[in-house]
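Following: one structure in structure tokens, then a few remarks.
The values are calculated or read from the model by the stated rules, or taken from the named source; none is laboratory data. Bear in mind that the values here come from a model prediction, so they are computed numbers and not experimental data. Note that we place each Cβ from the backbone using ideal geometry, even for glycine, and neighbour counts take in every protein chain shown. Ligands, DNA and RNA are stripped out before the accessible areas are found, and what is left, the full protein with its side chains, is counted by its heavy atoms. Shrake-Rupley method; radii C 1.70, N 1.55, O 1.52, S 1.80 Å.
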Amino acid sequence: EGEAEAGRHLAAAYCNRGYGLTEQRNFERALADLDEALRLDPRYACALTNRGRVHALKGDPDRAIADYDEALRIDPTFALAYNNRGDAYFNKGDLDRALTDFSSAIEHNPRLAIAYGNRGFSYYRKRDYARAIADYSAEIKLEPGILAYINRGNAYRDSEQLDRAAADYGEVIRMAPTDARGWRNRGLVRLFQDDLKRGLADYDKA
């Protein structure tokens, strides 16, 4: 038992380092670590999911999906693997399969903010703005980030709820006053609303 336990600990160490290297975009070293983690523990769903993400970031969604499929065979409740596989399908242009996977991720982990954001973006691409807004609102409740407000603002704008769009872009400006996107997007909405003076002021700021 001791040796198997030690192997699992070592696999976890390789997996964590592989994740860190992926975040630094050092893909070759990340792959070497994740391959080693899987040699030590071939049923390590987390290492498979992390390796899938490296393939996805390297622009190989098919190899990524193969790793996510294997991770989900090992652990059918692994929310992040569903989310990441959904992302790979999204990048292949398969919105329906992406939506199914994002929904599975949310079902298995209702607190996974990124899955709501991804599903919201898929609905947005399908022009289903009401569902997109609901998902972005859920994401914002869990993790109120700049991108979530920009995305929800865009969905409000495209469904002609201009005051709400302006409010979301205003939130972006409050959170990140040096990010031009908040000013530019709010400026556009103000021009839509025939508020030229304030619209142009936002553009000047952007």
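Evaluate the charge dipole of the chain about its Cα centre and quote only its size in Debye, nearest 20, assuming +1 on the Cβ of each Lys and Arg and -1 on the Cβ of each Asp and Glu.
On the way: 32 positive and 34 negative charges, 157 e Å.
Result for the chain is approximately 760 debye, rounded to the nearest 20.
What order do you get for 169-175, 93-99 when each peptide is scored by the mean count of other beta carbon atoms within 10 Å, highest first?
Averaged packing, sorted descending, gives the order 169-175, 93-99.
Relative contact order of the range 1-89: what whole-number percent is it, with Cα pairs under 8 angstrom and at least 6 residues apart?
Relative contact order for the range 1-89 comes out at 22 percent.
Pairs of Cα atoms under 8 Å, at least six residues apart: use those to get the relative contact order of the chain, whole percent. Provide the component values of the computation, followed by the final result.
Details: 294 pairs, mean separation 18.9, N = 206.
So the answer I get is 9 percent.
What value does the range 52-206 have for Rg/Rh, both radii from Cα atoms and Rh as Kirkwood defines it?
1.07
Beta carbons within 10 angstrom, averaged per residue: use that to sort the peptides 29-35, 200-206, highest first.
Packing order, densest peptide first, comes out as 29-35, 200-206.
Between Asp96 and Ser137, 0.36 nm times their residue separation minus their Cα-Cα distance comes to what? Intermediate values should be presented prior to the final figure.
Working: separation 41, 0.36 × 41 = 14.76 nm, distance 2.13 nm.
Using 0.36 nm per residue and subtracting the Cα-Cα distance, I get 12.6 nm.
Any idea of Ser159's accessible area? Nearest 10 Å², probe 1.4 Å.
It works out to around 40 Å².
Which lysines, on any chain, are close to Lys197 with Cα under 20 Å apart, when same-chain ones fewer than 8 places away are left out?
Partners found: Lys205.
So who's got an amide H within less than 5 Å of the one on Asp128, skipping anything under 5 residues away but keeping other chains? H placed 1.01 Å off N, in plane.
Here the answer is none, since no amide H 5 or more places off falls under 5 Å of that of Asp128.
Sorted by mean Cβ packing within 10 Å, highest first, what order do the peptides 191-199, 111-119 take?
Numbers: 191-199: 12.9, 111-119: 22.4.
Highest to lowest by the protection proxy: 111-119, 191-199.
From the square roots a ≥ b ≥ c of the eigenvalues of the alpha-carbon gyration tensor of the range 1-88, which class results: rounded (a/c under 1.5), prolate (a/b over b/c), or oblate?
Oblate is the answer for the range 1-88, as a/c is 1.5 or above yet b/c matches or exceeds a/b.
So between Leu147 and Lys58, what do we pick up on full extension, going 0.36 nm a residue minus the alpha carbon distance?
So the chain would gain 29.8 nm between Leu147 and Lys58.
Hey, rough spin-label estimate for Glu23 and Leu196, points 7 angstrom out along Cα→Cβ, what's it come to in nanometres?
5.0
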